[in-house]
Every structure is written in C-alpha cells, then in structure tokens.
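The values are calculated or read from the model by the stated rules, or taken from the named source; none is laboratory data. Source: prediction; values computed, not measured. Don't worry about glycine lacking a Cβ; one is built from the backbone with ideal geometry, like all the others, and counts go over all protein chains shown. Just the protein is used for accessible areas: all its heavy atoms, side chains included, with ligands, DNA and RNA removed. Shrake-Rupley method; radii C 1.70, N 1.55, O 1.52, S 1.80 Å.
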Amino acid sequence: SSRFGLPIVVATSFPRFPSFLVHALSSMAKKRGCWYHVKRTVMKVARLTTVPVPLWDLYISYRCGRFPIEQPRMVDYAVEALSRDKQAAETCAAGKSGGSSASSGGGLLRRVPLGELPPKPPNTTRFVIVSDTHERHREVALPEGDVFLHCGDILMSSSLTSQSRGLRVLRDFNDWLGSVPCQERLVIGGNHDWALEKLSEDEQKELLSNAILLHNRSKEVAGTKLKVYGNPHSRGHSHNQAWQGEPQVAAAQAAEADIVMSHFATGEVKEAVLETPAFTCRPLLWASGHAHEYHGAFEQDGTLFVNAAIANSRYEPIQPPIVVDIMNTEVRADRHDKQPLTLEASACTL
C-alpha cells in the first residue's frame, strides 16, 4: 500500500518537478484506497529531514487556497448579546426542568455581508473571533470590534520546515495584527504552531508584540470586568503536535473567566477548566477552532461555544469570522453558582 509513497516523496523534493505527475501519483493512490498509508509514508520520510524553504513555500501556495475575488465578504454574528442575567435565567430554567439545556443550528448565528453587520448594542463589548488562518491571515477581512480573538493555527505545518521560515511567517502575522481594527488583540497557539511553541515565553511576547498571548493565562478586558482565559491545548493524530500533551490549567488564571479561548474545545479541556475549584460560574463564551468542518456555534447550559476556523476542510480561507457581543459586567458579586456540565458529543466538536 506504500508503493506510491517514495515516488511522491521524490517528486515533492524538487520544486521544478512537474506537478501533474504528483497529482497523478496521488490520484492513483486514492483510487487504490491507500491514500492514508501514502500520506503516513510521506510524513515519516519528511520528518527525517527539514523541507527546504522554497519547496515548502511552493507547497503552501498549492495546499492553502486564496479567498475568491468574486465571492462577497461575509461575517457570522450572534443574534443575541450574551449576558450574565440571561445565562442565569436559562440555567435556572434548565435546573427546574431537571436537566441541562442545549441548542444548535442556524438560529444562533446569522450570516451577513461584512458591510451590513449591525452596530453593537449599548453597554456591550464586541468580540471578533477567528482561528486556523494557516498562513492566510492576509486573506481575512475583519469588521471593527473591541476585542480580537485568534484561537491558534497561525502556521500551516512548522514541524516539517525550518524554524527560520516559521519565524518569518509569525513576524508577518504580527505585522498584520497591527492592522486588525480592534483595540485589544488576544492570541493563543495551535497544534500547527510548533515554531511558536519552541520559543521561550519572553521570545513569544517579543515576536507577537501586537497582541497578548494567553497561554494558560488570563486578561481582563480594558474598561470592563470581562475576563478572558486562554489555553492552546488540542488533541489529534497528525505530525502537528504543538501543545498536545495533557492540558495544563492554572486554577487562578481560569477562575471565573467570562470568555475561554482554546484551540480545540475537547471534553478533557472543558473538564480541566470547568472543574477548577475556583471556577464558580460557567463562561458566557467559549471560542475555539481546530476542527475546520465544524465552523459554527453550539449553545449549552448558558455557554455559547463557537468554532471560528477560517480555513475549511480543504484549507481554503473562505469561512467567515464570528462576531459576538457581550454585555459588560460591572460587578462580579452577582455571579451564580456553576451548574454541572453535560459533555455531549456534539458539543465536544466545537
């Protein structure tokens, strides 16, 4: 089943090798039902060496698409502003009915042209959320907001090429961050961001100077009492394994966060965060990415889970940013006790 692996490795080792031959080998492998084994063979060989930068740039140009010029720019926005009062009422109603509440579907988000995004309601903070830009950040059009959240996978696959290339892309990403039309910018890494994980904490901060990195840390949004906690953990089986060990959750940082951002909202991440002893209430918003095909929203027990992956399953940067408005919390004494979390399979994919 791996008979096509070596030819593909050889073919992709030379930038000028005819691309149609690479496609032909791939097509032959797929038709024979052994594409998975071919990919594993290619990855095993590739990890033994560092893919040359020009070759990797060529691969990225082929693998990651561009936003179609003729396609209108869109944005998905939450039709209702999130608030502690609304969450408390819904949680109370769920408790009286004897179970947790969950909902999903098109009613939570509405897709509109970028220029027709409704103005934010009074006394709210607007969050503009993206994830999984995979080196196509300059293809993303963003609306104005107060806080920008990027939930990881800035890079494509930095584990297979040189560290210098990863740093080059991260510097360009930082320059782009400087143009994001939001007052605050919060970023976490993802499993593709090995070049970022290799750096020390100080080096990470210096490299991404136009944002605040929330790696197992929290930040209170300026002018509000809204607390954001970030964690780069995810899980998967690919060769991209940055921050994919056991989730590390600092109780003091996660405690009473209104917004949680993680690269992947897996059950174990939710348990680690929500079972933190100091966590006395559920977050209003949980932002993530990682699973490109699950772009959208899911609401459970008063928490809105959003997957804001910009890249689709073909790594085309065509999925829209997600905008969520949250009522500003003026005091923290009105927090209600947290309710048990029901980890349903559908919720874990967001």
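Just one of the listed residues (V147, V140, V112, V79) is closer than 18 Å to Y315 by Cα and modelled with pLDDT of 90 or more, and it is V140. Where strands (runs of 3 or more DSSP E) fall wholly inside region 282-327, the ranges with 2 or more residues that are crowded, with 24+ Cβ neighbours inside 10 Å are 285-288, 303-307, 322-327. Going by the conditions given, is G105 within 13 Å of A297 (Cα to Cα), modelled with pLDDT under 65 and loosely packed, with under 11 Cβ neighbours inside 10 Å? Considered against the rule, which asks whether it is within 13 Å of A297 (Cα to Cα), modelled with pLDDT under 65 and loosely packed, with under 11 Cβ neighbours inside 10 Å, G105 comes out as yes. Filtered by the rule that a residue be at pLDDT 85 or above and not in a loop (DSSP other than H, G, I, E, B), region 253-268 gives Q253, A254, I259, V260, M261, S262.
Filtering region 269-281 to residues that are over 16 Å from D301 (Cα atoms), assigned to a helix (DSSP H, G or I) and either among the polar types (S, T, N, Q) or open to solvent by less than 10 Å² (accessible area, probe 1.4 Å) (or both) leaves only V269. Is it the case that some residue within region 166-187 is hydrophobic (A, V, I, L, M, F, W, C), closer than 19 Å to L55 by Cα and open to solvent by 10 Å² or more (accessible area, probe 1.4 Å)? Within region 166-187 (the criterion being hydrophobic (A, V, I, L, M, F, W, C), closer than 19 Å to L55 by Cα and open to solvent by 10 Å² or more (accessible area, probe 1.4 Å)), the answer is yes, since at least one residue qualifies.
Checked against (1) surrounded by 15 or more Cβ atoms within 10 Å (Cβ to Cβ); (2) in contact (Cβ under 8 Å) with a residue 12 or more places away in the chain, A252 meets all criteria but (1). Take S200 and tell me if it is farther than 16 Å from C64 by Cα and either out of contact with any Asp or Glu (no Cβ under 9 Å at 6 or more places or on another chain) or surrounded by fewer than 18 Cβ atoms within 10 Å (Cβ to Cβ) (or both). For S200, the condition - farther than 16 Å from C64 by Cα and either out of contact with any Asp or Glu (no Cβ under 9 Å at 6 or more places or on another chain) or surrounded by fewer than 18 Cβ atoms within 10 Å (Cβ to Cβ) (or both) - is met. Selection over region 171-189 of residues that are within 20 Å of W243 (Cα to Cα) and touching a Lys or Arg at 6+ places or on another chain (Cβ under 8 Å) gives a count of 1. Residues in region 223-243 that are open to solvent by 10 Å² or more (accessible area, probe 1.4 Å) and of a type in the set (F, W, Y): W243 only. From the list N191, N210, the lone residue that is polar (S, T, N, Q) and either open to solvent by 70 Å² or more (accessible area, probe 1.4 Å) or under 20 Å from F264 (Cβ atoms) (or both) is N191. Counted as qualifying within region 134-242 are the strands (runs of 3 or more DSSP E) with 2 or more residues that are without any contact (Cβ under 8 Å) to a residue 60 or more places away in the chain and touching a strand residue (DSSP E or B) at 6+ places or on another chain (Cβ under 8 Å), namely 182-187, 217-220, 227-231.
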